[in-house]
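Below is one structure; the comments refer to it alone.
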Amino acid sequence: SSGINAEYGYKMFTKNDETSDPSVHLKTTLRVLLFDRDDSGSIDLEKFGNLLRDVQTNCLQAEFNRFRSKDSEDDRISVQGFMRAVLRRTKVTPIQRARFIDKSEVYKAIDEVSFDQFKSMIALINNFSDFEVAVRMYQIAKKPLSKAVFKRAAYVCSGEVLDDTIIDLLFFVFDEAGDGHLSHSEFVNVMRKMETSVSSAQKAKDDPGSIGLGSYFRKCIRNEMIKLYA
(Lines give C-alpha, C1' and ligand atoms only; values in the text may rest on other atoms or scores of the structure.)
Protein backbone atom coordinates (compact mmCIF):
# COMPACT_ATOMS: atom_id res chain seq x y z
CA SER A 1 0.00 0.00 0.00
CA SER A 2 0.99 3.65 -0.28
CA GLY A 3 1.44 3.78 3.50
CA ILE A 4 4.00 0.99 3.53
CA ASN A 5 5.89 2.46 0.56
CA ALA A 6 6.00 5.86 2.22
CA GLU A 7 7.27 4.35 5.45
CA TYR A 8 10.13 2.51 3.75
CA GLY A 9 10.94 5.29 1.28
CA TYR A 10 9.97 3.66 -2.00
CA LYS A 11 7.55 4.79 -4.68
CA MET A 12 4.42 2.99 -5.82
CA PHE A 13 4.92 0.51 -8.66
CA THR A 14 2.74 1.30 -11.68
CA LYS A 15 2.15 -0.33 -15.04
CA ASN A 16 4.35 2.31 -16.65
CA ASP A 17 7.29 0.93 -14.66
CA GLU A 18 7.00 -2.55 -16.18
CA THR A 19 9.89 -3.80 -18.27
CA SER A 20 10.73 -7.01 -20.09
CA ASP A 21 14.44 -6.54 -19.46
CA PRO A 22 15.42 -9.00 -16.65
CA SER A 23 18.61 -7.03 -16.02
CA VAL A 24 16.61 -4.02 -14.85
CA HIS A 25 15.90 -4.23 -11.12
CA LEU A 26 13.11 -1.89 -10.13
CA LYS A 27 13.42 -0.56 -6.58
CA THR A 28 9.90 -1.40 -5.45
CA THR A 29 9.17 -1.97 -1.75
CA LEU A 30 8.43 -5.68 -2.05
CA ARG A 31 11.39 -6.38 -4.34
CA VAL A 32 13.84 -4.58 -2.08
CA LEU A 33 12.57 -5.79 1.29
CA LEU A 34 11.78 -9.34 0.23
CA PHE A 35 14.90 -10.00 -1.79
CA ASP A 36 17.68 -7.47 -1.40
CA ARG A 37 17.46 -4.24 0.56
CA ASP A 38 21.03 -3.00 0.13
CA ASP A 39 22.31 -5.05 -2.83
CA SER A 40 24.20 -7.31 -0.44
CA GLY A 41 22.41 -10.47 -1.50
CA SER A 42 20.94 -11.05 1.98
CA ILE A 43 17.60 -10.35 3.65
CA ASP A 44 17.20 -8.31 6.82
CA LEU A 45 15.06 -10.62 8.96
CA GLU A 46 13.82 -7.91 11.31
CA LYS A 47 12.70 -5.60 8.53
CA PHE A 48 11.22 -8.54 6.64
CA GLY A 49 9.11 -9.40 9.70
CA ASN A 50 8.08 -5.77 10.06
CA LEU A 51 7.03 -5.70 6.42
CA LEU A 52 4.83 -8.78 6.80
CA ARG A 53 3.18 -7.29 9.89
CA ASP A 54 2.62 -4.01 8.08
CA VAL A 55 1.04 -5.78 5.11
CA GLN A 56 -1.25 -7.78 7.39
CA THR A 57 -2.22 -4.67 9.35
CA ASN A 58 -3.00 -2.80 6.14
CA CYS A 59 -5.21 -5.65 4.91
CA LEU A 60 -7.06 -5.77 8.24
CA GLN A 61 -7.45 -1.99 8.20
CA ALA A 62 -9.01 -2.15 4.74
CA GLU A 63 -11.47 -4.80 5.91
CA PHE A 64 -12.17 -2.83 9.08
CA ASN A 65 -12.96 0.28 7.03
CA ARG A 66 -15.57 -1.64 5.05
CA PHE A 67 -17.71 -1.88 8.18
CA ARG A 68 -17.13 1.67 9.40
CA SER A 69 -20.12 3.98 9.11
CA LYS A 70 -19.83 7.66 8.27
CA ASP A 71 -20.81 8.58 11.83
CA SER A 72 -18.10 6.45 13.43
CA GLU A 73 -14.67 7.65 14.45
CA ASP A 74 -11.74 6.77 12.18
CA ASP A 75 -10.60 3.81 14.26
CA ARG A 76 -14.01 2.48 15.32
CA ILE A 77 -16.88 0.46 13.87
CA SER A 78 -20.30 -0.32 15.26
CA VAL A 79 -20.96 -3.45 17.30
CA GLN A 80 -23.14 -4.72 14.46
CA GLY A 81 -20.34 -4.07 11.95
CA PHE A 82 -17.94 -5.98 14.19
CA MET A 83 -20.27 -8.99 14.37
CA ARG A 84 -20.73 -8.92 10.59
CA ALA A 85 -16.96 -8.94 10.14
CA VAL A 86 -16.63 -11.91 12.50
CA LEU A 87 -19.54 -13.89 11.08
CA ARG A 88 -18.44 -13.41 7.46
CA ARG A 89 -15.58 -15.77 8.28
CA THR A 90 -18.03 -18.52 9.19
CA LYS A 91 -20.43 -20.63 7.18
CA VAL A 92 -23.45 -20.10 9.39
CA THR A 93 -26.83 -20.01 7.71
CA PRO A 94 -28.41 -16.65 6.84
CA ILE A 95 -30.99 -17.24 9.59
CA GLN A 96 -28.28 -17.87 12.19
CA ARG A 97 -26.32 -14.83 11.04
CA ALA A 98 -29.41 -12.63 11.25
CA ARG A 99 -30.17 -13.90 14.76
CA PHE A 100 -26.67 -13.18 16.04
CA ILE A 101 -26.63 -9.70 14.51
CA ASP A 102 -30.07 -8.98 15.97
CA LYS A 103 -28.75 -9.88 19.40
CA SER A 104 -25.78 -7.56 18.93
CA GLU A 105 -28.16 -4.70 18.09
CA VAL A 106 -29.74 -4.83 21.54
CA TYR A 107 -26.38 -4.98 23.31
CA LYS A 108 -25.94 -1.65 25.08
CA ALA A 109 -22.72 -2.06 27.10
CA ILE A 110 -20.63 -0.66 24.23
CA ASP A 111 -21.54 1.22 21.06
CA GLU A 112 -18.38 0.81 19.00
CA VAL A 113 -15.33 -1.43 18.61
CA SER A 114 -11.80 -0.13 18.04
CA PHE A 115 -9.38 -1.37 15.41
CA ASP A 116 -7.10 -2.88 18.08
CA GLN A 117 -10.02 -4.84 19.53
CA PHE A 118 -10.96 -6.01 16.05
CA LYS A 119 -7.36 -7.06 15.29
CA SER A 120 -7.16 -9.12 18.50
CA MET A 121 -10.37 -10.94 17.60
CA ILE A 122 -9.10 -11.73 14.10
CA ALA A 123 -5.91 -13.15 15.66
CA LEU A 124 -8.08 -15.54 17.68
CA ILE A 125 -10.06 -16.54 14.59
CA ASN A 126 -6.86 -17.22 12.65
CA ASN A 127 -5.71 -19.57 15.43
CA PHE A 128 -9.13 -21.05 16.13
CA SER A 129 -8.18 -24.69 15.60
CA ASP A 130 -5.77 -24.45 18.55
CA PHE A 131 -8.38 -22.58 20.60
CA GLU A 132 -10.85 -25.37 19.88
CA VAL A 133 -8.44 -28.00 21.21
CA ALA A 134 -7.91 -26.03 24.42
CA VAL A 135 -11.64 -25.50 24.93
CA ARG A 136 -12.50 -29.12 24.19
CA MET A 137 -10.72 -30.15 27.38
CA TYR A 138 -13.44 -28.39 29.33
CA GLN A 139 -16.16 -30.13 27.38
CA ILE A 140 -14.60 -33.52 28.14
CA ALA A 141 -14.16 -32.59 31.81
CA LYS A 142 -17.72 -31.17 31.86
CA LYS A 143 -16.42 -27.86 33.11
CA PRO A 144 -18.16 -24.62 32.10
CA LEU A 145 -16.31 -22.20 29.84
CA SER A 146 -16.28 -19.01 31.86
CA LYS A 147 -15.13 -15.61 30.63
CA ALA A 148 -11.84 -15.94 32.53
CA VAL A 149 -11.12 -19.33 30.95
CA PHE A 150 -12.10 -18.01 27.52
CA LYS A 151 -9.72 -15.07 27.86
CA ARG A 152 -6.83 -17.25 28.99
CA ALA A 153 -7.38 -19.82 26.23
CA ALA A 154 -7.53 -17.04 23.63
CA TYR A 155 -4.23 -15.62 24.88
CA VAL A 156 -2.46 -18.99 24.95
CA CYS A 157 -3.56 -19.79 21.38
CA SER A 158 -3.25 -16.41 19.68
CA GLY A 159 -0.82 -14.41 21.83
CA GLU A 160 -3.40 -11.60 21.99
CA VAL A 161 -5.21 -10.39 25.11
CA LEU A 162 -8.88 -10.01 24.20
CA ASP A 163 -10.50 -6.93 25.69
CA ASP A 164 -13.03 -7.73 28.42
CA THR A 165 -15.69 -5.73 26.58
CA ILE A 166 -15.27 -7.91 23.50
CA ILE A 167 -15.52 -11.08 25.60
CA ASP A 168 -18.69 -9.73 27.24
CA LEU A 169 -20.13 -9.07 23.77
CA LEU A 170 -19.28 -12.56 22.50
CA PHE A 171 -20.86 -14.18 25.54
CA PHE A 172 -23.98 -12.05 25.16
CA VAL A 173 -24.38 -12.95 21.48
CA PHE A 174 -23.47 -16.65 21.57
CA ASP A 175 -24.71 -17.67 25.04
CA GLU A 176 -27.98 -19.22 23.92
CA ALA A 177 -28.75 -20.72 27.34
CA GLY A 178 -28.27 -17.41 29.15
CA ASP A 179 -26.23 -19.03 31.94
CA GLY A 180 -23.19 -16.76 31.61
CA HIS A 181 -21.05 -19.50 30.05
CA LEU A 182 -20.34 -20.75 26.55
CA SER A 183 -20.82 -24.38 25.67
CA HIS A 184 -19.08 -26.19 22.84
CA SER A 185 -22.21 -26.09 20.71
CA GLU A 186 -22.91 -22.41 21.38
CA PHE A 187 -19.60 -20.98 20.22
CA VAL A 188 -17.08 -23.51 18.93
CA ASN A 189 -19.46 -25.28 16.55
CA VAL A 190 -20.33 -21.93 15.00
CA MET A 191 -16.81 -20.55 14.70
CA ARG A 192 -15.19 -23.81 13.61
CA LYS A 193 -16.94 -23.57 10.24
CA MET A 194 -14.69 -20.72 9.25
CA GLU A 195 -14.03 -20.17 5.58
CA THR A 196 -10.30 -20.13 6.32
CA SER A 197 -10.49 -23.84 7.10
CA VAL A 198 -10.70 -24.44 3.35
CA SER A 199 -7.30 -22.88 2.77
CA SER A 200 -5.87 -24.74 5.76
CA ALA A 201 -7.09 -28.04 4.35
CA GLN A 202 -5.52 -27.23 0.99
CA LYS A 203 -2.24 -26.35 2.68
CA ALA A 204 -2.21 -29.68 4.51
CA LYS A 205 -2.89 -31.46 1.24
CA ASP A 206 -0.05 -29.66 -0.53
CA ASP A 207 2.36 -30.00 2.38
CA PRO A 208 1.69 -33.17 4.42
CA GLY A 209 4.64 -32.36 6.66
CA SER A 210 2.79 -29.33 8.04
CA ILE A 211 0.22 -31.64 9.65
CA GLY A 212 2.77 -33.09 12.02
CA LEU A 213 3.96 -29.70 13.18
CA GLY A 214 0.37 -28.53 13.76
CA SER A 215 -0.49 -31.62 15.77
CA TYR A 216 2.55 -31.17 18.00
CA PHE A 217 1.59 -27.54 18.60
CA ARG A 218 -1.99 -28.45 19.48
CA LYS A 219 -0.73 -31.15 21.85
CA CYS A 220 1.44 -28.55 23.57
CA ILE A 221 -1.54 -26.19 23.87
CA ARG A 222 -3.69 -28.97 25.31
CA ASN A 223 -1.12 -29.90 27.92
CA GLU A 224 -0.65 -26.25 28.87
CA MET A 225 -4.39 -25.76 29.40
CA ILE A 226 -4.67 -28.94 31.45
CA LYS A 227 -1.89 -27.74 33.76
CA LEU A 228 -3.49 -24.33 34.17
CA TYR A 229 -7.05 -25.42 34.84
CA ALA A 230 -6.89 -29.02 36.06
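The values are calculated or read from the model by the stated rules, or taken from the named source; none is laboratory data. What you see is a predicted model, and the numbers here were worked out from it, not measured in a lab. Note: ideal-geometry Cβ built from the backbone for every residue, glycine included; neighbour counts use all protein chains shown. In case anyone asks, the SASA skips ligands and DNA or RNA and just uses the protein heavy atoms, side chains included. Shrake-Rupley method; radii C 1.70, N 1.55, O 1.52, S 1.80 Å.
Extension gain, LYS91 to SER146: 0.36 nm times the residue separation minus the Cα-Cα distance gives 17.3 nm.
For region 75-125, the normalised intensity computed at q = 0.24, 0.26, 0.31 Å⁻¹ comes to -0.94, -1.05, -1.21 (log10 of I(q)/I(0), Debye sum over alpha carbons, equal scatterers, no solvent).
Suppose we take every Cα in region 39-135 and form the convex hull; what volume per residue is that in Å³?
Looking at region 39-135, the number lands at 162 Å³ per residue.
When the charge dipole of region 48-157 is built from unit charges on Cβ atoms (+1 for Lys and Arg, -1 for Asp and Glu) and taken about the Cα centre, the candidate among SER146, CYS157, ALA85 whose Cα reaches farthest toward its positive end is SER146.
Greater than 26 Å separation of Cα atoms is the criterion. Which listed pairs, LYS70/LYS119; LYS47/LYS151; LYS108/LYS147; LYS119/LYS143; LYS47/LYS70; LYS91/LYS119, meet it? Correct reply: LYS47/LYS151; LYS119/LYS143; LYS47/LYS70. In this simple spin-label model, placing a label point 7 Å from the Cα along the Cα-to-Cβ direction at both VAL161 and ASP71 gives a separation of 3.3 nm.
Ignoring ligands, DNA and RNA, how do LYS91, LYS103 rank by accessible area with a 1.4 Å probe, largest first? Numbers along the way, then the final one.
On the way: LYS91 115, LYS103 45 Å².
Of LYS91, LYS103, the descending order of accessible area is LYS91, LYS103.
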